[in-house]
Structures are given as structure tokens and as C-alpha cells.
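The values are calculated or read from the model by the stated rules, or taken from the named source; none is laboratory data. Since this is a predicted model, take the numbers as computed values, not measurements. Note: ideal-geometry Cβ built from the backbone for every residue, glycine included; neighbour counts use all protein chains shown.
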Amino acid sequence: MDLAALIRDVPDFPVPGVLFKDVTTLLGDPDGFRAAVDALRDHYADRNDIDLVAAIEARGFLFAAPLAYLMRAGLVPIRKPGKLPASTTSIEYSLEYGSNTLEMHTDAIVPGQKVLVVDDVLATGGSAKAAVELIERLGGEVIGVAFLAELTFLNGIAKLHGYDVYSVIRY
């Protein structure tokens, strides 16, 4: 199945000059959504040691939740500031078009747990690298960083050097 054909391009979103990869069209296609989640699961099928799947807000939640379910792993949300109710740790990072902050609960990870990080698109790598740093700060071991799609021309993978990075689709 050509999953890339199910992703819509939206020019000048969220700011002029950015070509946004809109995955909502893939999510609305039952076969495409299933194929995307299955591709992520299949890549890690030989890993029976994944304790947690960490989901980066917000579109990462859409792929991480069914993936965690299928892998019989827990799910850890990594959110924007002010969205989590208990004690958090945070990190600021750079985007293609600005900066942002991510937070996660300080008790979300027990030291030594093996964590798979999931998001929808790898662009500049800022949010993924920030998520990895939060997980490691809490003592988690990042065993992989997975994406539905990667924008290779932005070279975000360079920020994830030394980690197992997997993308279902590469542009």
C-alpha cells in the first residue's frame, strides 16, 4: 500500500514557507491507518523487551496508542506545558519555525525501563531529541525512535545519532 499517497501536503502551514505533511487523511483511511500501525509494529516485532511507548504530542499519540496496545506495553504521553496534572520535568527545543517545550510526568518511567519513542513526522528532529532527553533524564533506556514519515531533506535524523531510528515513509 502506498501510504505516502494518503498523506496530504498543506503549503504554508503553520507558517509561510513550510509544507506541512497532514496525516489526518491517512488516519481517515481504515486500511491506510491499519497498515501504518502494522508497519511500526512489524519493525519492532523481534523486540519483546519494550516496556513503554512514549508518544509525542499530539499526532504521535495517534500512532503510539495502538502500537503500545499491540505490543502489550505501557503508554507515556509527552505533552506541551501545562497539560499534565502531576509533577513534571520539561525541556525546551528548537523547531523548523520556532521553539517549544515538552513535559512528562516525573514518575512516568522507572529507571531501566526500555522505551520506544513514537511521533508522526521526523522533520528537524527537535521534538524527538527533546523526548529522548526527557526519557533518559528519568533513567529510561531509549531502544528506538519511530515515525510514520521522515522529511529527509531536513536531516532531523542527525539529532538522533546513535539511536535506532525507523520511518515507515521517507520523503
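A few points about this structure:
- For region 71-84, the criterion of being of a type in the set (D, E, K, R) and part of a strand (DSSP E or B) is met by at least one residue.
- Filtering region 1-27 to residues that are part of a loop (DSSP other than H, G, I, E, B) and farther than 26 Å from Lys83 by Cα leaves Met1, Asp2, Ile7, Asp12, Pro16, Gly17, Val18.
- Only one of Ala55, Ala68, Ala45 that is in a helix (DSSP H, G or I) and either on the phi < 0 side of the Ramachandran plot or buried (at least 19 other Cβ atoms within 10 Å of the Cβ) (or both): Ala68
- Options Gly144, Gly98, Gly126: the member that is touching a helix residue (DSSP H, G or I) at 6+ places or on another chain (Cβ under 9 Å) and either of a type in the set (Val, Ile, Thr) or within 26 Å of Leu19 (Cα to Cα) (or both): Gly126
- Qualifying residue in region 56-72 (condition: acidic (Asp, Glu) and within 23 Å of Arg137 (Cα to Cα)): yes
- Matching entry among Ala54, Ala35 (being more than 15 Å from Ser167 (Cβ to Cβ) and either modelled with pLDDT under 95 or not aromatic (Phe, Trp, Tyr) (or both)): Ala54
- Meets criteria (under 24 Å from Leu84 (Cβ atoms), surrounded by 20 or more Cβ atoms within 10 Å (Cβ to Cβ) and of a type in the set (Lys, Arg)) for Lys114: no
- Breaking point among (1) assigned to a loop (DSSP other than H, G, I, E, B); (2) touching a strand residue (DSSP E or B) at 6+ places or on another chain (Cβ under 8 Å), for Glu103: (1)
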